[in-house]
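S.K.: Would you mind keeping the following structure in view while I ask a few things?
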Amino acid sequence: MRKTAFNVFERVISLTHNLAAALLALATVLVFWQVVTRFLLGDAAAWSEVLARGVVIWMVFLVAGAGFRLSAMIPLEFVRSVLPDHLQRVVGFVVMALILAFLGVLVWYGTAMTIRVSTQQVAMLGVPISCFYAAIPVGAALAVPGVLLEFFRPIDDVRGEAAARDEVIE
């Protein structure tokens, strides 16, 4: 059961990571289009700037889970390195609990904000601004598997297992 949960979590993180990469490519195209219309055609496409901003917001929140999973967030390595082994695990648990609490706050208040602004429209696009605000609770919820995976199955252990499987015996 635990292995199945880990595999599902890994797939969620992989999916959000790849989706964020696709959104980065889309944002690049949108910004390029904005530059072309502004400087080559002399009439800026205002919608592309607003849409690019929304795409970047979604990209950042979607990739947060992969950031936690890959230990790309600011670590407390110095503090943990001077502690004995059993205390390192305690510090890791406290950090995980604080991160999960913060993500819970983002989900709760992000949902409230998304609902609160649901009647407002994005200028130039004509869509509800809640489409952009929804990135907060969705991204925070999708980051939870990355936090749990990094605590219960650190990426360094996964990389070590993969290296051991691929190791050529001479």
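S.K.: When segment 64-88 is examined, which residues are found to be part of a helix (DSSP H, G or I) and touching a residue at least 40 places away in the same chain (Cβ under 8 Å)?
M.R.: Result: A64, G65, A66, G67, F68, R69.
S.K.: Which of the residues belonging to segment 64-76 are open to solvent by 30 Å² or more (accessible area, probe 1.4 Å) and not small (G, A, S)?
M.R.: F68, L70, M73, I74, P75, L76
S.K.: In segment 115-125, is there at least one residue being modelled with pLDDT of 95 or more and part of a helix (DSSP H, G or I)?
M.R.: There is at least one residue in segment 115-125 that is modelled with pLDDT of 95 or more and part of a helix (DSSP H, G or I).
S.K.: Also, quick follow-up: Inside segment 117-159, can you point out the residues that are basic (K, R) and surrounded by 13 or more Cβ atoms within 10 Å (Cβ to Cβ)?
M.R.: Within segment 117-159, just R153 meets the criteria.
Yes or no, residue by residue, for (1) at pLDDT 90 or above; (2) touching a Cys at 6+ places or on another chain (Cβ under 8 Å); (3) of a type in the set (A, V, I, L, M):
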residue	(1), (2), (3)
K3	no, no, no
I13	yes, no, yes
L23	yes, no, yes
T28	yes, no, no
V31	yes, no, yes
G42	no, no, no
A46	no, no, yes
V60	yes, no, yes
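S.K.: Mind telling me which of the residues G110, G104 ends up being under 25 Å from V8 (Cα atoms), surrounded by fewer than 17 Cβ atoms within 10 Å (Cβ to Cβ) and under 24 Å from the mean Cα position of the chain (by Cα)?
M.R.: G104
S.K.: Do you know which of the residues in segment 41-51 that are open to solvent by 60 Å² or more (accessible area, probe 1.4 Å) and not in a loop (DSSP other than H, G, I, E, B) is farthest from L125 (Cα to Cα)?
M.R.: E49
One line per residue, one yes/no per condition, for (1) free of Cβ contacts under 8 Å to residues at least 24 places away in the same chain; (2) part of a helix (DSSP H, G or I); (3) open to solvent by 50 Å² or more (accessible area, probe 1.4 Å):
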residue	(1), (2), (3)
V31	yes, yes, yes
F39	yes, yes, yes
W58	no, yes, yes
L62	no, yes, no
V90	yes, yes, yes
M96	no, yes, no
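S.K.: Take V79 and decide whether it is of a type outside the set (S, T, Y) and surrounded by 15 or more Cβ atoms within 10 Å (Cβ to Cβ).
M.R.: No.
The values are calculated or read from the model by the stated rules, or taken from the named source; none is laboratory data. Because the structure is a prediction, the values reported are computed rather than measured. Here the Cβ is made from the backbone with ideal geometry for all residues, glycine too, and neighbour counts use every protein chain on show. Note: accessible area is taken over every heavy atom of the protein model, side chains too, but ligands, DNA and RNA are not part of it. Shrake-Rupley method; radii C 1.70, N 1.55, O 1.52, S 1.80 Å.
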